[in-house]
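Trainee: For reference, the structure I am asking about is given below.
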Amino acid sequence: MQQLQSHPAAPIWSFFQNICAIPRPSKHEEQIRNWIINWAQENNIDCVKDKIGNLILTKPASAGYQDKTPVILQCHLDMVPQKNNDKVHNFLTDPIIPVIDGEWLRADHTTLGADNGIGMASCLAVLADSDIEHGPLEVLITTDEETGMTGAFGLEAGQLQGKVFINTDSEQEGELYVGCAGGINVNVLLPFEKMETDITESAYQISISGLKGGHSGVDINLGRANAIKELANVLMNLDAAPFLISSLSGGSLRNAIPREAHAVIVCDAQYQNSLETVINTLQVSLSDKYRESESKFTVTLQPCDLPSSVLTHQSHDNLINALAHCDNGVFSMDDNFPNVVETSSNLAVVTQQSGLMNQFAIQVLIRSQIEEDKHKCAEKLTMHFKQYGGRVATEGNYPGWTPNKESTIYQVMETQYQSLFGNKPKAMVIHAGLECGLFCEKYPHWDMISFGPTIKFPHSPDEKVEIASVDNYWALLKATLKAID
């Protein structure tokens, strides 16, 4: 990353390089939090850790700016830990390795953490730079945003004094975000019964892998395959042999489109050739179905060790039907903003639990700009899984952020953007759960906006950030801070 030091956004790249060196997957932010606290102490910057683990850093106004409106910059500590299947990487101990790839910065077959590491780097860079002109400044760095918005939920009213709030967690340069979707988790426990396998039978692992995955909000409308759904469809159409499922799993994060899914099935060995033929046919069919959105993925059938048990016929049918017929993807689009999803769901994770309780744990994340529609979808999914014996609970409900294109901070940033780049930015709503929606409840007087550089394919190993867009983002951030009256 040394060559990025010649770019206008060099201060951001310096901090981002440090951030990449420190492991910070969600719920494991201790190292990055302690690094920021120590950095703040060394630079005489006030830093407070609240009860939930958020950090609040403060910096006095520049000379002559003491009477300006106080501003809050906000980012989050954590990153999504995703890697390619053949990549050896421990997100708890290993640094992220940034790679310059032409006009983009990516990682070495893992998520980069530009979401929201670039935003965090920019906030620290503002705190560190005595030449940037601004009014009274607070920086809020929240904890565990990606897996539960824990920091936003736990932020107490009255902790911050600012009136203008700038979130740095958006992912398209040239767009100013004035609203976001809310979300709710639908968690399912689907019980199953099992029976012993016959030692004369054979076992095979069916896998779907190599899908692009991506962010379950901003990428949900790109027509990408959901590995869990497609594996369930494969099993539903696998009529070449009488078989029973022994195990099934897929996905890893509730807010990422699942890229891989696997099932072990058991049947008579005489059907192996027939199974291989059907799997090959289904591979061709899926390749045609996703020819515009998926470039490299495989459906494979491999012999494996015979497991000791399989699902009973009823449990087998319940599992396949529950997954194959689960609503997934885009339900409606927002008529007020072009190409913005209004309501969607993501069948995100399936894991198998055995022991005192034999059950499949299924996670679905619903997002919507409309509170009523969000709860209607949750109720529909609840009824769907209950018909197959599932025990369903909803949790983590968070509100959306109602768009306000007439806000003062939007007008300020629009003016600064046009002055810097010669054209107007787009006012947008993001189909993702920015923390802004939660902050609205506790700080209703805040005038809020969100913006950021261009980040493609967050939450997947294909994540990359456009280098030139970081330069523009940095220029706009500095100009905005100066222009706020």
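Trainee: Per residue, what volume in Å³ does the convex hull of the Cα atoms of region 1-88 enclose?
Mentor: Spelled out: Cα convex hull of region 1-88, divided by residues, is 159 Å³.
Trainee: What is the order of 391, 24, 224, fewest Cβ neighbours within 10 Å to most?
Mentor: 391, 224, 24
Trainee: Where Lys and Arg each count +1 and Asp and Glu each count -1, what net charge lies around residue 442 among other residues with Cβ under 12 Å from its Cβ?
Mentor: -3
Trainee: In addition: Once you place label points 7 Å from the Cα toward the Cβ at residue 321 and residue 376, how far apart are they in nm?
Mentor: 2.6
Trainee: Working out 0.36 nm times the residue gap between residue 395 and residue 308, then minus their Cα-Cα distance, what length gain in nm do you get to one decimal?
Mentor: 27.8 nm
Trainee: I've got another one for you. What aspartates and glutamates sit close enough to residue 49 to cross-link, taking a C-alpha to C-alpha distance under 17 Å and skipping anything fewer than 8 places away on the same chain?
Mentor: Partners within reach: 29, 30, 78, 138, 144, 145, 156.
Trainee: Taking the chain as the reference, fit the longest principal axis to its C-alpha atoms, fit the long axis of helix 408-421 to the helix C-alpha atoms, and give the angle between the two in degrees, 0 to 90, nearest 10.
Mentor: 90
Trainee: Any idea what % of Cα-Cα pairs in the chain are farther than 39 Å?
Mentor: Looking at the chain, the distances longer than 39 Å represent 27 percent of pairs.
Trainee: Would you mind putting 428-437, 204-213, 27-36 in packing order, based on average other-beta-carbon counts within 10 Å, highest first?
Mentor: Per-residue mean Cβ counts within 10 Å order the peptides as 428-437, 204-213, 27-36.
Trainee: While we're here: Could you give me the ³J(HN,Hα) list for region 24-40, computed from phi with Karplus coefficients 6.51, -1.76, 1.60 and θ = phi - 60°, whole Hz, x at Gly and Pro?
Mentor: Whole-Hz 3J(HN,Hα) from phi for region 24-40: 8, x, 3, 6, 9, 9, 4, 5, 5, 5, 5, 5, 5, 4, 5, 4, 4.
Trainee: Can I get the semi-axes of region 328-485's equivalent ellipsoid? Compute them from the C-alpha gyration tensor as square roots of 5 times the eigenvalues, in angstrom, largest first.
Mentor: Each semi-axis is the square root of five times an eigenvalue, giving 38, 19, 14 Å.
Trainee: With a cut-off of 8 Å between alpha carbons and a minimum separation of six or more residues, what is the relative contact order of the chain in percent?
Mentor: In percent, rounded to a whole number, it is 24.
Trainee: Alpha carbon centre of region 398-414 versus region 32-105: separation in Å?
Mentor: A separation of 24 Å, based on Cα centres.
Trainee: Using alpha carbon coordinates only, what is the Rg to Rh ratio of region 184-398, with Rh defined as the Kirkwood radius?
Mentor: Ratio of gyration radius to Kirkwood radius for region 184-398: 0.99.
Trainee: Could you give the distance between the Cα centres of region 455-475 and region 258-293, to the whole Å?
Mentor: What the calculation gives is 35 Å, centre to centre.
Trainee: A further question follows. Which FRET efficiency, nearest 0.05, do residue 357 and residue 196 yield, Cβ-Cβ r, R0 22 Å?
Mentor: For R0 = 22 Å, the calculated efficiency reads 0.70.
Trainee: In whole Å, what is the distance between the alpha-carbon centres of region 115-174 and region 186-204?
Mentor: 47
Trainee: What is the angle, in °, between the Cα long axis of helix 10-20 and the longest principal axis of the Cα atoms in the chain? Nearest 10 is fine, range 0 to 90.
Mentor: Approximately 40 degrees, to the nearest ten.
Trainee: Just to be sure I follow the rule: in region 184-398, considering lysines 8 or more places apart or on different chains, how many pairs have Cα atoms under 25 Å apart?
Mentor: Counting lysine pairs in region 184-398 gives 13.
Trainee: Counting other C-beta atoms within 10 Å, and keeping those with at most 15, which DSSP coil trypsin sites (Lys or Arg not before Pro) do you find in region 53-139?
Mentor: Qualifying residues, ordered by number: 87.
Every number here is computed from the coordinates shown, using simple stated rules; none is lab data. Since we're looking at a predicted model, the values are computed, not measured. Neighbour counts are summed over all protein chains in view; Cβ atoms, including those assigned to glycine, are modelled from backbone coordinates with ideal geometry.
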